[in-house]
Amino acid sequence: MSTASAAGPLLSVQDLGVTFGTADGPVRAVDGVSFDLTEGRTLGIVGESGSGKSVTAKALMNLLPSYAEVEGSITFGGRDLRALAAARERHFWGVELTMVFQDPMTSLNPVKRIGEQIAECLRVHLGRSRKVATAEALDLLERVGIPEPRKRLRQYPHELSGGLRQRVVIAMALACGPRLLIADEPTTALDVTVQKHILDLLDDLRRERAMSMILITHDLGVVKGRADDVMVMYGGRTMESAETPTLFGRMHHPYTRALLETIPRIDAPAHTRLVPIPGRPPSPAEVGRSCPFAARCRHRIDDCLDGVPPLVPVPVGAAGAEGAEDASHHSACIVSVGSDGRGDS
Amino acid sequence: MAGSGTDHLRDPAAHDDVVLRVEHLVQEFPAGRSGGRRQVVHAVSDVSLDVRRGETLGIVGESGCGKSTTARALVQLPPPTSGRVVLDPGAATEVEMVALSGSALRAVRPRMQMIFQDPISSLNPRRSVRDIVGEGLAIWSKASDGLHQQARVDEVLEAVGIDPEVAATRRPHQFSGGQCQRISIARAVVMDPEILICDEPVSALDVSVQAQILNLLEDMKERYGLTLVFISHDLSVVRNVSDRVAVMYLGKLCEVGDADALYERPAHPYTRVLLASAPEPAPTVDPSDADIGDEIPSPIDPPSGCRFRTRCPRATERCAAEEPVMRQVGDDHYVACHFPSI
């Protein structure tokens, strides 16, 4: 959709790079990542461990350790986040930009009652009185679907199930009315029956509050029905990005295709032979001067090892009308985009 | 579900293909005292299963359903509170494992091997990979001499795709998670077991590595004539590897049947919930089937009757009063529910 308002995107990330200094030398965890997020939309970031998806989220949240070297620019609502971070404007994070983490137990303080923890955000960031903050905390618990909210206010995290804990974390993230919520594998630690409810809840809240959301996951299936746009990361770089229906309909990058093909399908008969991806994901220490997926790619040619392929617009194939290229669909692969016809489709 | 009963078991007298028969397995753990009364976690309550030679039996369920406890009770880690675990029922080599202890139990153990979820923590970090894989053989002296043992270890390592030369000198931390899982498989297979129990073998792996391991397990099954018990929370993975599937909830069996039949015609309401909750729901169920409460009851004080009734959309008074037992709903398809979908 081209609903990008005249004011431009809510979040704009340009050429983000994150390097960690380690005993074994610098490790480049995120390399040249750029994307825009329009107000009210959900961006799904899909990747395996080491793809750089969580480091990207932490860079946005200003949560990287001091030994991380960040490059590039992050603009949110017209403000330069890296400058804000440098100026120690702590009240920005947790208010306009909040995050929900994978493990709800470790994101909550085990020795503090649920009610106090939610009220704390409201008191610290918005200066609410204890009484008002507690009343708002009760409303939030109700809104995120926690049964008997009054009783829960007085309980400790260990008294709640994993699903309820994650609802509490979501309530805390919503407390200050954020414009963007980043959910980093919010359901990976939860059971399937609970997982769906949490994802549905996040989706409802996003709609109702006209929030934007970044949904980070290792599971292409999770973003399929829920994200407006998808960005696939591998080895610290963006491999492919597009609006969700385009990505699933006209998958371009060999990694995206391999990832989808390698996952067993719930509706395929038993013992369907899986299509494995050989090798293993690269460790950030191995990020080099070639396509990060080249070592495992079926379509590799010599040129793949020579330089990092740029993320370029994907031409709409013969099936597309005379529209030139799909402005929202980008892929970082020289093989299938190559004009020499060597690409295999 | 909440089902007990043994209708779904094959009669060993009529079928000689049953390699493992589990009857009325109960596993309880003490959970301290409350109000002066000793409390007990009912982790597995009256589960009966049989495993047929050469098949893969998938056990699927959410955390706390007792699937891993069941797997561990099969290998007597620890032995169950009650019930019977019979290897080769009806054959001359029949052994009932629960009654065994000490050296008699140790003598049976090589016949049933296990691989675990976390491939790295299940390998001794201080030993070379070849030593880890060969240790079982060294203890049991299954091969008559050291040379044969070494040849067997190398053969199995090659079969799982690990270079024996490399394995001779390297330790587990020098391998990736996927490779460590290959090593775990080699360590189990080298003992020439009849049954391989896989407890969430791919849950800790990246999706791009998962298919390698699942394909490897299929190859190993073929090559070494294994029977697999495969435990997972992932319905897609279970469907892919299993010939038959058992669904568990809160320590009980809900539904057991042929994998394709169970996925295409799920009869138990809980099976339908699971299938509808997957990130990409199965086409055979309605997405609204997933709309149930989140709260799983405590295994310390499980609901009366059917244990799923507190979350079940179809529950009636009968479900609270009377525990459903396994009954047949199709060819090789059994369900423990008063109101199954058929």
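Filtered by the rule that a residue be over 30 Å from B:Pro269 (Cα atoms) and assigned to a loop (DSSP other than H, G, I, E, B), the stretch B:2-31 gives B:Pro12, B:Ala13, B:Ala14, B:His15, B:Asp16, B:Asp17. Could we say that B:Val26 is at pLDDT 95 or above and surrounded by fewer than 18 Cβ atoms within 10 Å (Cβ to Cβ) here? So B:Val26 fits the description; yes.
Restricted to the stretch B:82-115, and to residues that are in contact with a helix residue (DSSP H, G or I) (Cβ under 7 Å, 6 or more places away or on another chain) and in a loop (DSSP other than H, G, I, E, B), which residue is surrounded by the fewest Cβ atoms within 10 Å (Cβ to Cβ)? The residue in question is B:Leu100.
Report the residue count in the stretch A:205-255 for those that are part of a helix (DSSP H, G or I), within 14 Å of chain B (Cβ to nearest Cβ) and over 13 Å from the mean Cα position of the chain (by Cα). I'd like the intermediate steps shown before the answer.
First, the residues of the stretch A:205-255 that are part of a helix (DSSP H, G or I): A:205-209, A:220-224, A:244-249, A:254-255.
Among the residues that remain, those that are also within 14 Å of chain B (Cβ to nearest Cβ) are: A:220-224, A:244, A:248, A:254-255.
With the extra rule that they be over 13 Å from the mean Cα position of the chain (by Cα), the set shrinks to A:221, A:224, A:244, A:248, A:254-255.
Residues meeting the conditions: 6.
Only residues that are touching an Asp or Glu at 6+ places or on another chain (Cβ under 8 Å) and touching a residue at least 40 places away in the same chain (Cβ under 8 Å) were counted across the stretch B:195-223, and they come to 2.
Filter the stretch B:185-235 for residues that are assigned to a helix (DSSP H, G or I), among the charged types (D, E, K, R) and more than 11 Å from chain A (Cβ to nearest Cβ) and give the result.
The first filter runs over the stretch B:185-235 and keeps only residues assigned to a helix (DSSP H, G or I), leaving B:185-189, B:207-224, B:235.
In the following step, the residues that additionally are among the charged types (D, E, K, R) were identified as B:187, B:218-219, B:221-223.
Across the stretch B:185-235, the qualifying residues are B:Arg187, B:Arg223.
When B:Ala261, B:Ala278 are screened for being facing chain A (nearest Cβ under 9 Å) and surrounded by fewer than 24 Cβ atoms within 10 Å (Cβ to Cβ), only B:Ala278 passes.
The set of residues from the stretch B:236-264 being in contact with a His (Cβ under 7 Å, 6 or more places away or on another chain), in a strand (DSSP E or B) and either under 22 Å from B:Gly64 (Cα atoms) or free of Cβ contacts under 8 Å to residues at least 40 places away in the same chain (or both) comprises B:Val247, B:Cys254, B:Glu255, B:Val256, B:Gly257.
In the stretch B:298-315, is there at least one residue being outside any loop (DSSP other than H, G, I, E, B) and out of contact with any Phe, Trp or Tyr (no Cβ under 6 Å at 6 or more places or on another chain)? Looking for residues that are outside any loop (DSSP other than H, G, I, E, B) and out of contact with any Phe, Trp or Tyr (no Cβ under 6 Å at 6 or more places or on another chain), one finds none in the stretch B:298-315, hence no.
Tell me, yes or no, whether the stretch A:187-201 has at least one residue that is facing chain B (nearest Cβ under 10 Å) and farther than 18 Å from B:Ala290 by Cβ. Yes. Is at least one residue of the stretch A:76-99 more than 14 Å from chain B (Cβ to nearest Cβ), among the acidic types (Asp, Glu) and out of contact with any Cys (no Cβ under 9 Å at 6 or more places or on another chain)? Within the stretch A:76-99 (the criterion being more than 14 Å from chain B (Cβ to nearest Cβ), among the acidic types (Asp, Glu) and out of contact with any Cys (no Cβ under 9 Å at 6 or more places or on another chain)), the answer is yes, since at least one residue qualifies. Take the stretch A:279-320 and flag every residue that is in contact with a Ser or Thr (Cβ under 9 Å, 6 or more places away or on another chain), at pLDDT 90 or above and within 12 Å of chain B (Cβ to nearest Cβ). Matches in the stretch A:279-320: A:Arg296 only. So which residues in the stretch A:119-176 are more than 14 Å from chain B (Cβ to nearest Cβ) and basic (Lys, Arg), if there are any at all? A:Arg123, A:Arg128, A:Arg130, A:Lys131, A:Arg143, A:Arg150, A:Arg154 - these are the residues of the stretch A:119-176 that are more than 14 Å from chain B (Cβ to nearest Cβ) and basic (Lys, Arg).
For residues that are more than 10 Å from chain A (Cβ to nearest Cβ) and assigned to a helix (DSSP H, G or I), scanning just the stretch B:281-297, find the one that is nearest to A:Arg226 (Cα to Cα). Taking the candidates together, the pick is B:Ser288. Just one of the listed residues (B:Ile139, B:Ile132, B:Ile162) is surrounded by 15 or more Cβ atoms within 10 Å (Cβ to Cβ) and either polar (S, T, N, Q) or assigned to a helix (DSSP H, G or I) (or both), and it is B:Ile132. All told, A:Gly249 falls short of being out of contact with any helix residue (DSSP H, G or I) (no Cβ under 8 Å at 6 or more places or on another chain), under 21 Å from B:Asp291 (Cβ atoms) and not polar (S, T, N, Q). Listed conditions (1) under 18 Å from A:Leu174 (Cβ atoms); (2) part of a strand (DSSP E or B); (3) in contact with a Phe, Trp or Tyr (Cβ under 9 Å, 6 or more places away or on another chain) are all met by A:Thr98, apart from (3). Residues that are more than 8 Å from every other protein chain (Cβ to nearest Cβ) and of a type in the set (S, T, N, Q): does the stretch B:236-254 have at least one? Scanning the stretch B:236-254, I find no residue that is more than 8 Å from every other protein chain (Cβ to nearest Cβ) and of a type in the set (S, T, N, Q), so the answer is no.
Among the listed residues A:Tyr67, A:Tyr156, identify the single one that is surrounded by fewer than 17 Cβ atoms within 10 Å (Cβ to Cβ), farther than 30 Å from A:Arg237 by Cα, among the aromatic types (Phe, Trp, Tyr) and touching a residue at least 24 places away in the same chain (Cβ under 8 Å).
A:Tyr156
The values are calculated or read from the model by the stated rules, or taken from the named source; none is laboratory data. Predicted model only: the values in this text are computed from it and were never measured. In this analysis, Cβ positions are derived from the backbone assuming ideal geometry, glycine residues included, and neighbour counts consider all displayed protein chains.
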